[in-house]
Amino acid sequence: MRTTNKIISIVIATGIGILAIVILFNASENIIHYKNNFIRRFTQHRSVQANEMNLNYNSYYFAGENKGKIYLGNITAPLQITEIDTALQSKKVIHIQLKQTNLPFHAPQIRIYQNNFYVFEGTIPYIFKGSTSNWTATLKVHSGWYFSQLEPIDTVNMVIRYINPKNGQSNIGSINLKDTTKTQIAPKLLQKQIDGIFDTDGSLHWNKQNHKVIYVYRYRNQYSVANNKLQKEYSGNTIDTISKVKIELAKVKSHNMKTFAKPPLIVNKMSATYGNYLYVNSTLPGLYESDALWKNASIIDIYNLTNKSYLYSFPIYHIQNKKMRSFSVVGQNAYALIDNKLIRYKIKFD
């Protein structure tokens, strides 16, 4: 009888031990995936909503800024640009004219740089350039590698995220609109961890105040900074703990392509840069952050690019359960597109 009771006790103790291990493991997984082991700094009155503008539609995106004006493109009216003053007091709709119209246009995008604008589509590919004085553009590029992102770094040079035709991997490069033979590829600028396609996904930026190319990875806590020659200067890290991408891929035999086997863990959803700062919309809660905050707001983390330090964070609250879908920063103003509204926030630094 004593032997039986001893065996039962051992079984119960073993079961409790296994259960404890499982609970601890799940808790650690929860920390890794949802409650990272870091602490954000939320300081009161660091960001204040200043005003808003009703755009009537939710199809706008940020195309650039220049001389006190913000420019919005519209995916449903791809050759239309909306010019808005930075105080959100006036709005002007402009229609772009292209001198060549025999291309297979699908989803053109627009970028503004100084007194020039660019209309492009990387899946064709083509790049138009024109002046904001008359909003008429001429075709400059209609050949070369496909690309998925483009940012002007001066009036003739573009930094581009190319798609390598041999393996489908992403590479950062540049193209000169006056001389397309000056196309450059920087194959080592993006750091591959798995396949060089999904794992290197991210957001490409040009910081025109400091003349830097910045690339923020989507699925890991890393960003890279390079000069205008695409020479890498340094890498920095966001404050979360995801240094290795957490994605699983599956092959679709019918299309001879790969896709996600399950939803990937997104680390840095969106980002923007201005002056000495990098602004990152993170998707990962830190310690002591309430579920209510993450249910009702998008969180922006601010980093100092001069010393790679994290400064503080601020929320951008949803409007009628609609999340921020894009944001941009100009000076000490952050602008967010939420549903059919453009919201301006004042950012305060020490």
Check: Within region 155-190, can you find the residues that are among the charged types (D, E, K, R) and over 14 Å from Val141 (Cα atoms)?
Finding: Arg161, Lys166, Lys188
Item checked: Out of Ala297, Ala272, sole residue that is more than 14 Å from Arg40 (Cβ to Cβ) and among the small types (Gly, Ala, Ser) -> Ala272
Margin query: Just to be sure I understand the filter: pairs with C-beta atoms under 6 Å, separated by 6 or more residues or on different chains, first member in region 65-89 and free of Cβ contacts under 8 Å to residues at least 60 places away in the same chain, second member open to solvent by 20 Å² or more (accessible area, probe 1.4 Å) and of a type in the set (A, V, I, L, M, F, W, C). Which pairs pass?
Written below: Thr82/Val93
Check: For region 255-278, what are the residues that are of a type in the set (Val, Ile, Thr), in a strand (DSSP E or B) and under 19 Å from the mean Cα position of the chain (by Cα)?
Finding: Thr273
Check: Are any residues in region 164-193 in contact (Cβ under 8 Å) with a residue 24 or more places away in the chain and not in a loop (DSSP other than H, G, I, E, B), and if so, which ones?
Finding: Ser170, Ile172, Gly173, Ser174, Ile175, Thr180, Gln184, Ala186
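Among what's in region 34-90 and is of a type in the set (Phe, Trp, Tyr) and part of a strand (DSSP E or B), pick the residue that is surrounded by the most Cβ atoms within 10 Å (Cβ to Cβ).
Tyr60
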Margin query: Against the condition assigned to a loop (DSSP other than H, G, I, E, B) and surrounded by fewer than 20 Cβ atoms within 10 Å (Cβ to Cβ), how does Gln149 come out, does it pass?
Written below: no
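Find the residue count for region 239-254, including only residues that are open to solvent by 30 Å² or more (accessible area, probe 1.4 Å) and not in a strand (DSSP E or B).
If we filter region 239-254 for residues that are open to solvent by 30 Å² or more (accessible area, probe 1.4 Å), which is where we start, we get 239, 241, 243-244, 246, 248-254.
Next, from what is left, pick out any that are not in a strand (DSSP E or B): 239, 241, 243-244, 246, 248, 253-254.
Selection size over region 239-254: 8.
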Next item on the list: Look through Gly236, Gly196 and report the one residue that is under 19 Å from the mean Cα position of the chain (by Cα) and in a strand (DSSP E or B).
Entry: Gly236
Margin query: Can you pull out every residue in region 296-307 that is open to solvent by 60 Å² or more (accessible area, probe 1.4 Å) and closer than 23 Å to Leu342 by Cβ?
Written below: Asn296
Checklist line | Evaluation of Ser326 against (1) part of a strand (DSSP E or B); (2) buried (at least 21 other Cβ atoms within 10 Å of the Cβ) (one fails), failing number | finding: (2)
Margin query: Checking the structure you have, find out if any residue of region 184-206 is farther than 16 Å from Ser148 by Cα, surrounded by 16 or more Cβ atoms within 10 Å (Cβ to Cβ) and of a type in the set (Ser, Thr, Tyr).
Written below: no
Notebook entry, point to check: Just for region 121-136: of the residues that are within 24 Å of the chain's Cα centre (by Cα) and β-branched (Val, Ile, Thr), which one is most open to solvent (accessible area, probe 1.4 Å)?
Noted result: Thr123
Item checked: Residues located in region 137-146, provided they are within 18 Å of Ile81 (Cβ to Cβ) and open to solvent by less than 20 Å² (accessible area, probe 1.4 Å) -> Ala137
Check: List, please: which pairs have Cβ atoms under 6 Å, are six or more places apart or on different chains, and start with a residue in region 198-210 that is on the phi < 0 side of the Ramachandran plot and end with one that is small (Gly, Ala, Ser)?
Finding: Thr200/Ser170; Ser203/Ser271; Gln209/Gly275
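Go over the candidates Tyr310, Tyr288 one by one and state the one that is farther than 23 Å from Ala63 by Cα, open to solvent by 10 Å² or more (accessible area, probe 1.4 Å) and not in a loop (DSSP other than H, G, I, E, B).
Numbers: Tyr288 fails: not in a loop (DSSP other than H, G, I, E, B).
Criteria check complete, one pass: Tyr310.
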Next item on the list: Go over the candidates Ile112, Ile160 one by one and state the one that is under 24 Å from Ala226 (Cα atoms), within 20 Å of the chain's Cα centre (by Cα), open to solvent by 10 Å² or more (accessible area, probe 1.4 Å) and β-branched (Val, Ile, Thr).
Entry: Ile112
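The values are calculated or read from the model by the stated rules, or taken from the named source; none is laboratory data. Source: prediction; values computed, not measured. FYI the Cβ positions are ideal-geometry reconstructions off the backbone, even for glycines, and counts take in every protein chain you see. Side chains are part of the model used for accessible areas, which takes the heavy atoms of the whole protein and leaves out ligands, DNA and RNA. Shrake-Rupley method; radii C 1.70, N 1.55, O 1.52, S 1.80 Å.
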